[in-house]
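Presented below is the structure to which this report refers.
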Amino acid sequence: MRIEPFELERWQSIWENCVELNIAESGVEPLSVRELIADQKDLERVLDARLGYPQTNGSEELRSRIAALYPGANSANVLVTCGGAEANYLITWALTEPGDDVIFTQPNYMQVAGLARAFGANVKLLWLREELGWTPNTDELDHMVTGKTRLIAICNPNNPTGAVLSEGAMQAICAAAEKCGAWILADEVYRGAEFSGETTPTFWGRYERVLCTAGLSKAYGLPGLRTGWLVGPPDMVAKLWGYHDYTSISPTMLTDKLASQVLEPAQHRKLIERTRKILREHYPIVSEWLGSHKDELTHTPPRAGAIAWIGLRGTKASTAVAEDLRAKQGVLLVPGEQFAMPGYLRIGFGGNAAQLKKALGRIDEWFFESKHEGKASRNA
Ligand SMILES: Cc1ncc(COP(=O)(O)O)c(C=O)c1O
């Protein structure tokens, strides 16, 4: 089987640990283990954990705590995975056969589209529209679904735009899926990271063939735990558990215990509040900076996630811009081509605020130098 390169993940894997200023991340500043286990009792519990195999689909305690995030769900609706990435993988692997149609909203985290093509599916793109606040025209979706449509893949809140779907759009997506019996894969890994403090409604419970994926990487600031999950109807979850036997088998004993602690209701509230505070404090740094670049940049503010999706007015060549910024200014950001949208850049603002300001200052220097060299011209 041939796979296409996952450009975004390769770009970050290669450069994130060797650039001076990394603003390519989509999450918030990660917590240390010490910050996470502030309570002595919790620490003892972790230290006493025997490092055997845990329950391979996730402990009952962890699955129950995850289920509590989805109205009406219980532990039988949950499979714990290695990151949201494994959850997306298992679903796409289990559900797509050669010749199936997969409808993929774009721009989006490119994993499901890349995998579906590798599994032989025909990927049809449903573009998010900037004039609709980076949401899709659901009439287009209605015309796209056919008897061959097996999966509709959504990312809500969206990476890279930070947009959140309206109730109406969510209902229209469910109605389109119902028309042809397709599954909805709703990647909700940014759910919880809203500026407003109002948690994004989940697709869970709106239609019987919904599979939601998420994890602790983005809204909780814990990507290094590699804890993800999927939530779905019990028979489908049991089937996907069988696929999980062929991938990572189980979470680790330590991550199962730590993730349970993270999702204990009071701790959960604390972590989500921390993330939202970071977003509210850091986004103004980006928006003020954008205000001084109106001639060069366009932008629709995000509603969730520590990411700003920014259009370049003068050029489509965002990879060239990103390469230049990395090589000359030591700044790593994400070029739009990695989301199949040349002419855009993604900036992450969830990390250290001083580093963010420094990185934006370096981009200013780059703009200044480029103008003098004539690089930011239409021909770049
Ligand atoms: C939309 C989306 N889904 C899934 C992932 C994978 O994240 P993880 O495996 O850390 O949960 C990412 C990572 O950036 C993402 O942006």
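The values are calculated or read from the model by the stated rules, or taken from the named source; none is laboratory data. The model shown is predicted, which means the values in this text are computed figures rather than measured ones. Don't worry about glycine lacking a Cβ; one is built from the backbone with ideal geometry, like all the others, and counts go over all protein chains shown.
Against the condition modelled with pLDDT of 95 or more and exposed (fewer than 15 other Cβ atoms within 10 Å of the Cβ), how does GLU337 come out, does it pass? In short, no.
Applying the criterion of being in a loop (DSSP other than H, G, I, E, B), of a type outside the set (S, T, N, Q) and more than 16 Å from the ligand (Cβ to nearest atom) to the residues of the range 152-195, the residue that is surrounded by the fewest Cβ atoms within 10 Å (Cβ to Cβ) is GLY181. Scanning the range 203-229 for residues being more than 12 Å from the ligand (Cβ to nearest atom) and of a type in the set (Phe, Trp, Tyr) gives a total of 3. Given the condition in a loop (DSSP other than H, G, I, E, B) and within 21 Å of GLY348 (Cβ to Cβ), answer yes or no: does some residue in the range 249-261 qualify? No, the conditions are met nowhere in the range 249-261. Being within 30 Å of ILE278 (Cα to Cα), away from the ligand (no atom under 16 Å from the Cβ), at pLDDT 95 or above and in contact with a helix residue (DSSP H, G or I) (Cβ under 9 Å, 6 or more places away or on another chain) is a description that applies to ARG63. Within the range 346-380, if we keep just the residues that are in contact with a Phe, Trp or Tyr (Cβ under 8 Å, 6 or more places away or on another chain), modelled with pLDDT of 95 or more and not in a helix (DSSP H, G or I), the residue that is farthest from ASN22 (Cα to Cα) turns out to be ARG346.
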